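First the structure, which I've put down as structure tokens, then a few questions once you've had a look.
Computed from the coordinates by the stated procedures, all read-outs in this text should not be read as laboratory data. It should be emphasised that the depicted structure is a prediction, and the values quoted were computed from it without experimental measurement. For neighbour counting, all protein chains shown are included, and Cβ atoms are generated from backbone atoms with ideal geometry for every residue, glycine included.
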Amino acid sequence: MSIYLHFRAVAQSEIRDDHTWLAAFMSEAWEDHTGEYTAGIACSINKGWDSVNDLYAAADTLDTDADEPWTLPIYGGRPVPHSADADPSDPPLMLLEPPGVSQAAHFLATVSFDELWNAVGARFRTLGWSREELLGHHRDLQGLYGRAASAGHAVVKAVWA
């Protein structure tokens, strides 16, 4: 079974802070994931997003000057609560607002993937991850957050099973 964490950049002015509406928006975005990925406004990670977060957590061992910016790309943002009339099958949703997107973009642009990999790569290899897989996820997130930050956009996250 596949389970994805789906990231979608969007202008904050276009977002309704309503779980039912946002779930429908994200569902439509998921249906056109290939087109949105190509347009640079979406990306996703199948099953391994926790490992990508763990890779970024290695930044704590590096010389960083911010307060845990590594937490923002994967788990950053606030949960969008289900409304009373929401469909129980709607996905969990998170919203990272533009200031957080900018912080995440800055972290991803300045952290050295090679230094992260050198710090924890051996552990990841034993878990079956290759450097290329994690580097691909890192580059996708780096591009998405960089473009979203430049445009002043938020990033919505949904979990799809």
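Note down the net charge around H82, summing +1 for each Lys or Arg and -1 for each Asp or Glu among other residues with Cβ under 11 Å from its Cβ.
Residues near H82 contribute -4 overall.
Which value results for Rg/Rh of segment 1-78 when Rg is the Cα radius of gyration and Rh the Kirkwood radius based on the inverse mean 1/r?
Result: Rg/Rh = 1.03.
Then there is this: How long are the three semi-axes of the equivalent ellipsoid for segment 16-153, computed from the Cα gyration tensor as the root of 5 times each eigenvalue, in whole Å, largest first?
On the way: eigenvalues 151, 56, 45 Å².
They are 27, 17, 15 Å, listed from largest to smallest.
To the nearest 20 debye, what charge dipole does segment 4-160 have about its Cα centre, counting +1 at the Cβ of each Lys and Arg and -1 at the Cβ of each Asp and Glu? Each step should come with its number before you reach the end.
Details: 10 positive and 23 negative charges, 64 e Å.
Value, rounded to 20: 300 debye.
Can you sort F124, F113 from fewest to most other Cβ atoms within 10 Å of each residue's own Cβ?
If I rank by nearby Cβ atoms, fewest first, I get F113, F124.
Quick one: what are the phi-derived ³J(HN,Hα) couplings along segment 139-150, Karplus 6.51/-1.76/1.60 with θ = phi - 60°, whole Hz, x for glycine and proline?
Values, residue by residue: 5, 4, 5, 4, x, 4, 5, x, 5, 5, 5, 4 Hz.
Another question about this same structure. Got a sec to turn the phi values of segment 28-40 into Karplus ³J(HN,Hα) couplings, 6.51 cos²θ - 1.76 cosθ + 1.60 with θ = phi - 60°, whole Hz, x for Gly and Pro?
Along segment 28-40, the couplings run 5, 4, 5, 4, 10, 4, 4, x, 6, 4, 4, 6, x Hz.
Karplus couplings for segment 115-130 from phi (6.51 cos²θ - 1.76 cosθ + 1.60, θ = phi - 60°), rounded to Hz, Gly and Pro as x?
5, 4, 4, 4, 6, 9, x, 4, 5, 5, 4, 5, 8, x, 8, 9
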